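For reference, the structure is listed below as structure tokens.
The values are calculated or read from the model by the stated rules, or taken from the named source; none is laboratory data. None of the values given here were measured: they were computed from a predicted structure. Here the Cβ positions follow ideal geometry from the backbone for every residue, glycine too, while neighbour counts run over all protein chains shown. When the accessible area is computed, the model is the full protein with side chains, heavy atoms only, and any ligands, DNA or RNA have been set aside. Shrake-Rupley method; radii C 1.70, N 1.55, O 1.52, S 1.80 Å.
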Amino acid sequence: MSKRHIVFVASEAAPLAKTGGLADVVGSLPLALRALGHEVTVVLPYHRRQLGATGIVPGTARWIVPLWIGGGVRTVPLHDIVVGGQRFILVEQDDLFDRDGLYGPPGGAYEDNLLRYALFTRAAIEAAALLENPVDLFHCHDWQAALLPLLLKTQYQHHASVAGASTVFTIHNLAYQGIFPATQIAQVGLPPESFHPEGYEFYGQINCMKAGIMMADAITTVSPSYAEEILTPAYGWHLEGFLARHRHKLSGIVNGLDTVAWNPADDPALPAHFQAGQVAGKARCKQGLQQELALAASARTPVLAMISRLAEQKGLDLLLPCVPEWVQRGHQLVFLGSGEPHYEAALRELAERHRGQVHFFDGFDEALARRVYAGSDIFLMPSRFEPCGLVPIYAMRYGTLPLVRRVGDEAVRYCGGQFEIGLTCGRRELLD
Ligand code: ADP
């Protein structure tokens, strides 16, 4: 296999900025590709606040590019940094990316998201053109990077070092498509000639996801079953027909587990370590979690946990009716997540009512999440649909049984009724 120069373009990547599984994939796949001998550069927005919290300091910009967008010229600094051996180019534009949320306030979206990601994808192409080695492939992730193949093929053919690059577009979640009023086409400089039903037009509006599907050379999604599901009305979000016309370039590749980044045998976030065959440390992790979250200390009390974006997809409303019975049986419950305010309110109320038995952490905390994976007994993931949930994969890696709804490629069935024990994607071998 010849060595390629691959440029990842995405809105988030661990450990720099993360809201969900996208960041895990964009954080770990480049390392796996580099191990195969490829050169990989990751382009991300410069999320100043989130980066500040990690302690990573990007220093001064390496390049500054002018971009004509939004009715004027913007000056865009590009930072060139290495984190954990991986090269990142950060697109700085503080009025667009220096915000509390990556995509919007809790449960919402920023009004100027089209401008933010049109600028970002344009800057990513400009950045790639400045790299020492010509780019062979752009790997674009989700709607935030979906305009890149369209812009590349319509407006950047004069940039010799990128014009010949192929494009892969990966759909991590088809539910989020990036839909905006058509009045913004000229403002962000999209090619008007592609605004039609076989292009990026969607019921009279702009649909960024469609731009990626239409123009990318290949489309992948995060599991083989999801590649099939999105061709059906139940999971296609009105794009099933459009996707079917592009199915010749669609395939599903199941997300993997980064066994180095997620390893209970040496995870620095844990109070004790363990692995298959040596599980004494797991009991100490449970004890530590109960203490940390002010739950009653009890080795024999089952701890059920859920770590999730609090969005309708994740099925919290399916699970809440089960809580009274679990509480009555004396189980302990831990919820870690943020998102739609009504879910946050319901969990806050539960935690207040059952202090010492139900704990709700309202926010995002990577280290706490790891202690919850390690310290609980059963992991809850009642998703209504799941492209390829990483949560149950991490749970199993940390010795915790996932209790999931039967969506995706179910692998292990254990109990009947509404919930089943298993995986939301077919990676049974990870159980070992
Ligand atoms: P999705 O990408 O749909 O949000 P996944 O299951 O694929 O769902 O991935 C979710 C990722 O985000 C996992 O790494 C999970 O541990 C992490 N995560 C979700 N919510 C939180 C939170 N509140 N704090 C810390 N990590 C979280």
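Before moving on, here are some points about what is shown:
- Spin-label model, THR259/ARG34: points 7 Å from Cα along the beta carbon direction are separated by 2.0 nm.
- The C-alpha atoms of the chain define a longest principal axis, and helix 280-292 lies at about 90 degrees to it.
- Spherically averaged projected area in nm², based on the convex hull that wraps the Cα atoms of the chain: 20.7 nm²
- Accessible surface of the chain [probe 1.4 Å, protein heavy atoms]: carbon and sulfur percent: 54 percent
- Principal-axis tilt of helix 366-375 within the chain, Cα atoms, nearest 10 degrees: 30 degrees
- Candidate aspartates and glutamates - alpha carbon under 19 Å from LYS249, same-chain residues fewer than 8 apart omitted: ASP136, ASP142, GLU198, ASP217, GLU228, GLU229, GLU240
- Cα-based reach from LYS282 at 17 Å (exclusive), listing aspartates and glutamates while leaving out same-chain residues under 8 positions away: ASP266, ASP267, GLU292, ASP377, ASP432
- Charge sum, other residues only, whose C-beta stays under 15 Å from GLN313's C-beta, Lys/Arg counted +1 and Asp/Glu -1: -2
- Per-residue SASA entry for ARG309, accessible area with 1.4 Å probe, Å² rounded to 10: 70 Å²
- Per residue, the accessible area of the chain comes to 41 Å², computed with a 1.4 Å probe over protein heavy atoms only.
- Using the empirical formula 2.2 N^0.38 Å as the baseline, the Cα radius of gyration of the range 1-141 reaches a ratio of 1.01.
- In Å², nearest 10: area of ASP365 left accessible to a 1.4 Å probe: 50 Å²
- Estimated [θ] at 222 nm from DSSP helical runs (n ≥ 4, -39500 (n - 2.57)) normalised by residues in the chain, nearest 500: -8500 deg cm²/dmol
- Rounded tilt (10° steps) of 113-130 against the dominant C-alpha axis of the chain: 70 degrees
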